Amino acid sequence: MKRNLLAGTFLMRDTFPKLFRNLTHYFFGLDLGSAGLPSFGGIGLFYNLDTPGKGWDTRGTLGLNLSGKIPFSPYSGLRIGVNLGWIQRRFDGSFFADQIAHLNSLYGWIYQPIYDPPDNDVVNRFDAGAGLLFQFSTPSGKLLGDFGFGTGHLFRPDLSFSKSDNAQYPVRWVLHGELAVDLSSGEVAHRSLWDHGFWIYPGFYYQRQGEQNFLEAGINFTKLNIYTGAWYRSWFMNGSHTDGFLLTLGYCFYFPNGMSIKPNYSYEIQLNNMNSGTGGIHEFSMVFGVEGLRVVLGK
């Protein structure tokens, strides 16, 4: 029987918490897919939010994902997707006024402040991206994989607060891949809710945007539904680079009705002196799924 699947993801990332102004990132995504529609891959909603704090700009993106699928065989196929979104960039300049007032009360005016206010405190722009994803599995289900290519900010939205400036986003290019390998004996379908077997997940992710490059590669493991992993991350641009080593730990709860919940915590250790003493990067995520969801349209 063809099944529907509802999946959701929540993620919070706290970057460099020991700095006076750390970056907090939030993401929420919700996807619905159906195996009963021949060319329908799925539809999803997502929301991104970056909050560096007062005196900086807050950026949020609300978007829609649409995908279709082209089957090559019962065990392989290609997914083609597009995402359409709306970016909002909001400037919080209250930090500067408070800071100047505080210094004035202590020391008097040291320099006459010169500040050209922005033409807009809020900028809204349309954004779009596209991608391809090749997926395959063996008939036994003990080996699965996907390899993808994607691009974002296709129309290079200009998010400048001033009409005289240009702050266009560079186009983002992405390559990624992952394998899922079952090293346990027995059939996958006959596993218990408490132990889905011993799996390994090697993978990689590469992103280039303008002059910035980001690469991560590593491997995850699951046994007795415990999820662990280790990843190497590197960011490099024009001869400068930072390196990090990420450790992750989580647990996947499976339920008889086809629902699953996986909380996960990750911590990234900085490997070079550039970001030493910043507190690293903390990341918490929650992934849930419901298989066999019944969708009713109309009465």
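Quick notes on this one:
- Anchor Lys163: aspartates and glutamates whose Cα lies under 15 Å away (excluding residues fewer than 8 positions away in-chain): Asp116, Asp119, Asp121
- Electrostatic tally near Arg13: other residues with Cβ closer than 10 Å to its Cβ, Lys and Arg +1, Asp and Glu -1, net -4.
- By the rule of a C-alpha distance below 13 Å, with chain neighbours fewer than 8 residues away ignored, the aspartates and glutamates paired with Lys142 are Asp182, Glu187.
- Using the Cβ of Leu247 as centre and a radius below 14 Å, the other residues enclosed give a net charge of -2, where K and R count +1 and D and E count -1.
- Each residue of the stretch 280-290 was assigned a 3J(HN,Hα) from its phi angle through the Karplus curve 6.51 cos²θ - 1.76 cosθ + 1.60 (θ = phi - 60°); the sequence is x, 10, 9, 9, 10, 9, 9, 10, 10, x, 10 Hz, with glycine and proline shown as x.
Values in this text are rule-based calculations from the coordinates and carry no lab data. Nothing here was measured: the structure is a model prediction, and the numbers come from that model. Positions of Cβ are generated from backbone atoms using ideal geometry, with glycine treated the same way; all protein chains shown enter the neighbour counts.
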